[in-house]
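Note sheet for the following structure.
The values are calculated or read from the model by the stated rules, or taken from the named source; none is laboratory data. Only a predicted model underlies this, so the values are computations on that prediction, with no experimental measurement involved. Quick reminder, even Gly has a Cβ in these numbers, built from the backbone with ideal geometry, and neighbours come from all protein chains shown. Note: areas computed on protein heavy atoms with side chains; ligands, DNA, RNA excluded. Shrake-Rupley method; radii C 1.70, N 1.55, O 1.52, S 1.80 Å.
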Amino acid sequence: MRRHPGWLIALAMLAAGCTSRTAAPSSGSLAPPPGRSPASIPVATPAASPASLPTPVPTIAASPTTTPRTSPPPRPSPSASDRGGHGGAVDSRPPDGYFSAAGADGVVAYLGSYCYGYVCADSPLPTTRVTPRLKLPAGTDHLVFRLKGSHAFSSWSVAVWAARDERGRRRERLASGGGDGDAIQEASFQPPGSGDWILDVFVRYAEGGDASYSVRLIVP
């Protein structure tokens, strides 16, 4: 058998060692450092680009809303239908009533209960302290009642009771007149006999409504 020289064996071993040190490791055979598993390798998170960030919406301060002030509609003037008959919405108090007799000064009557226009009012029977006083001359044979101005009434009735009977428990019918459709300017009637009386006239106005008028009557 043929033997190789020893220097050839040494030269072959040296060449093999250089080849193993200069060979580049392949990417597929890269092994992680000892003691660290692949899951523990930190992965770099890419930073969000400015385009991907939400755009802030500017905040606008709300200005107070002002409601324009509107003027109330003008109120119409009352017409004949708005007045609700005689008197109406504006003039809600009945006209004054007057008692008079020949030879005596006339007096303004005491206004009792009434319904006039849109207003109704109840009043107690008048007493001698509040009722205007009319003293008749001796021999007076009639009294006259009328309303102020040109106001008219369609019907009327007269009751009388003793002045000391302040509740009018013993009143008597003295006279009456008129009817539907009439327009009376004054009522004339005979006075009661001698005495101190409360005399009450109840009228219905020609244009609607009614009222009572009273006077304290002294008959000699």
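Those residues that are under 16 Å from Phe189 (Cβ atoms) and surrounded by 13 or more Cβ atoms within 10 Å (Cβ to Cβ), I need them from region 126-141; list them, please.
Leu134, Leu136, Thr140, listed by residue number.
Which of the strands (runs of 3 or more DSSP E) contained wholly in region 115-220 include at least 2 residues that are at pLDDT 95 or above and touching a Phe, Trp or Tyr at 6+ places or on another chain (Cβ under 8 Å)?
Because the criterion is at least 2 residues that are at pLDDT 95 or above and touching a Phe, Trp or Tyr at 6+ places or on another chain (Cβ under 8 Å), the strands (runs of 3 or more DSSP E) in region 115-220 that meet it are 119-121, 143-147, 153-162, 172-178, 186-189, 195-205, 210-219.
Just to verify a result, which residue in region 93-110, among those that are within 14 Å of Ile198 (Cβ to Cβ) and part of a strand (DSSP E or B), is most open to solvent (accessible area, probe 1.4 Å)?
In this case the residue turns out to be Tyr110.
Please count how many residues of region 111-125 are open to solvent by 60 Å² or more (accessible area, probe 1.4 Å) and farther than 13 Å from Leu199 by Cα.
Quick first cut of region 111-125, residues open to solvent by 60 Å² or more (accessible area, probe 1.4 Å) only: 118, 120, 122, 124-125.
When the remaining residues are screened for being farther than 13 Å from Leu199 by Cα, the result is 118, 120, 122, 124.
Matching residues across region 111-125 total 4.
Mind listing whichever residues of region 196-217 are over 46 Å from the mean Cα position of the chain (by Cα) and open to solvent by 30 Å² or more (accessible area, probe 1.4 Å)?
Scanning region 196-217 gives Asp196, Trp197.
With the condition kept exactly as written, say whether any residue in region 203-211 is in contact (Cβ under 8 Å) with a residue 60 or more places away in the chain, closer than 17 Å to Pro132 by Cα and among the charged types (D, E, K, R).
No.
Run Glu166 past the list (1) within 21 Å of Tyr116 (Cβ to Cβ); (2) without any contact (Cβ under 8 Å) to a residue 60 or more places away in the chain; (3) among the acidic types (Asp, Glu) and report the number of the one that doesn't hold.
Single failed check for Glu166: (1).
When you scan region 168-176, do you find a residue that is farther than 26 Å from Pro220 by Cα and open to solvent by 50 Å² or more (accessible area, probe 1.4 Å), even just one?
Scanning region 168-176, I find no residue that is farther than 26 Å from Pro220 by Cα and open to solvent by 50 Å² or more (accessible area, probe 1.4 Å), so the answer is no.
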